[in-house]
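Undergrad: Dropping a structure here in structure tokens format, bear with me for questions.
None of the figures in this text is laboratory data; all of them are computed from the coordinates on show. Since this is a predicted model, take the numbers as computed values, not measurements. Cβ coordinates were reconstructed from backbone atoms using ideal geometry, including for glycine residues, and neighbour counts include every protein chain displayed.
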Amino acid sequence: MTTIVNSLKKNITSEQLFMLSALAVNGGNYFYNLILGRVLGPAQFADAAVLITFLLVLSFIAMTFQLVTAKFYVLFNNRFFESFISKIYKQALVVGLLFGVLIVVFASQLQVLFNTYSSAMFVIFGCGVPVYFLMSVNRGRYQGQKSYRALSITYQSEMLSRLLITLGVIFFFNIKSSWVIATGILLSFCFGLIPLKTDQFSFKKRLPLHSRYTKQIKSFFLLTAFYEFTQIIINNSDILLVKHYFESYEAGLYASLALIGRIVYFVAWMFVMLLLPTVVDLKKKGKETASVLFKYIGYIGVISLIIVMVCLVYPDFIIKLLFGGEYLSIAPLLWKYAIATSMFAISNIFAYYYLSLDKYIPVVISGLLGILQLTLVVIFHDNLTQVVHMQIIAMTLLLVIQIVYFKGESLFSKKA
């Protein structure tokens, strides 16, 4: 047995280890959501889905700090990076406190807007926001230095603690309340800080960088922030709009649909984590980068096709297995929603690729199509089927435009 373990350690690269870890984390998060869906039922699960969606929104906002940290770890030497990360920790904490305070202050308004049973869940969630931003900077450092073992531990710590704490309270104390879910999320942020290097966490250091570096950091930060905002619109606005426009029961059904259909996006996420530092490093060395893009698009394309086909052939079986008979009425929409998320996942690879190369147009394209999707759902929401169809239209158009841009940009580069 020891021989087998040692052999695996020698043959598995750090990137492959991270991908296995990411699969485990996504699997754990899926299990967490599925159990909540089964235990709570459609109506109560709708409230839980709002919190989970808030968590995803938060992850996209905080991803800006993570990607900026990862990129400039690759570009800066150790002396510059130590000062840079000290400053970005401080900025992340300030932004986290700002968002956290806003959520706490407007908790009552959020309760009314999203038709939830309680405002306490927003208050508890808001208290954890600053911790999440610090956690994201910590992850960005590990991502940039390609320390995938430590990066894996942070994601596993967050997932496992949220899973065990939340489900432990629900099953052992039989408390099925939204504040329990919010508390589990809050505590998981604290566990997600593990491992944390406190030696670089200082508020006394300043960034002694040339003005051109400062300008480069600001440009990439704003560009990334804009793109992550488009991610929020595309990936989360549908659940929040459905919760606003539809009754709790239908919103709960849709939340289960979104959870299953988005599996391809969560799989794509682990490739994005590997894509950015790889492309930045290749560009720094003057090497070609398109082959990396093709490799990851190939992976996501195959995975997407398999997921769509399985959802098309076995929708009732999947819904009943994962959520139970109460959710079966949503089964016919499963493969359609999977198509929409597949288009988005592939488009996302293009966008992050160009983001790594400091090219802005694909990010702007994503923003415009995100606004288009939001607008279509606001106008056309007579039923859940119509909501899904609007997303298919917007995401298919996004992918087509991204491909056309890539082709045109490639031809222009060859002529130049």
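Undergrad: Which of Y227, V378, Y265 sits closest to the plus end of the dipole of the chain, meaning its Cα is farthest towards the positive end, when Lys and Arg get +1 and Asp and Glu get -1 on the C-beta?
TA: Comparing the listed Cα positions along the dipole, Y227 ranks first.
Undergrad: Which one, V129, I319, F18, projects farthest toward the positive side of the charge dipole computed for the chain from Cβ point charges (K/R +1, D/E -1)?
TA: Positive-end residue among those listed: F18.
Undergrad: A follow-up question, please. If r is the Cβ-Cβ distance from Y117 to K285 and R0 is 60 Å, what FRET efficiency results, to the nearest 0.05?
TA: Details: r = 55 Å, r/R0 = 0.91.
Taking R0 as 60 Å, the efficiency between Y117 and K285 is 0.65.
Undergrad: On to the next question. Say a paramagnetic label sat at a point 7 Å from the Cα of Q16, along Cα to Cβ; which residues of region 133-147 have their backbone N under 19 Å from it?
TA: Inside the label zone: 146-147.
Undergrad: Suppose we flag trypsin sites (Lys or Arg not before Pro) only when DSSP calls them loop and at most 16 other Cβ atoms lie within 10 Å. Which is the longest uninterrupted stretch of the chain?
TA: Longest site-free region, per DSSP loop and neighbour criteria: 1-175.
Undergrad: Note down the magnitude of the dipole of the chain about its Cα centre, charges +1 on Lys and Arg C-beta and -1 on Asp and Glu C-beta and zero elsewhere, to the nearest 20 debye.
TA: Numbers: 33 positive and 16 negative charges, 408 e Å.
Dipole size: approximately 1960 debye.
Undergrad: May I ask you to list the aspartates and glutamates whose Cα is less than 16 Å away from that of K146, ignoring any residue fewer than eight positions away on the same chain?
TA: Those aspartates and glutamates meeting the cut-off are E15, D281.
Undergrad: Given labels modelled 7 Å from the Cα in the Cβ direction, how far is it in nm from I318 to T375?
TA: 3.1 nm
Undergrad: Now for a different question. Find how much the distance from V364 to V400 grows on full extension, using 0.36 nm per residue of separation minus their present alpha carbon separation; answer in nm with one decimal.
TA: Extra length available between V364 and V400 comes to 11.5 nm.
Undergrad: Just grab the label-to-label distance for M309 and S329, each label 7 Å out from Cα along the Cβ direction, in nm (one decimal).
TA: 3.3 nm
Undergrad: As a quick test, which of the pairs K336/K407; K218/K407; K87/K215; K295/K320 have an alpha carbon distance above 23 angstrom in this structure?
TA: Beyond 23 Å: K336/K407; K218/K407; K295/K320.
Undergrad: Just tell me which aspartates and glutamates come within less than 14 Å, Cα to Cα, of K283; anything on the same chain fewer than 8 places away is out.
TA: Partners found: D358.
Undergrad: Which residues make up the longest stretch of the chain clear of GluC sites (Glu not before Pro) that lie in a DSSP loop with no more than 14 other Cβ atoms within 10 Å, not counting the sites? Each step should come with its number before you reach the end.
TA: Details: sites that count: E247, E288.
It runs 1-246.
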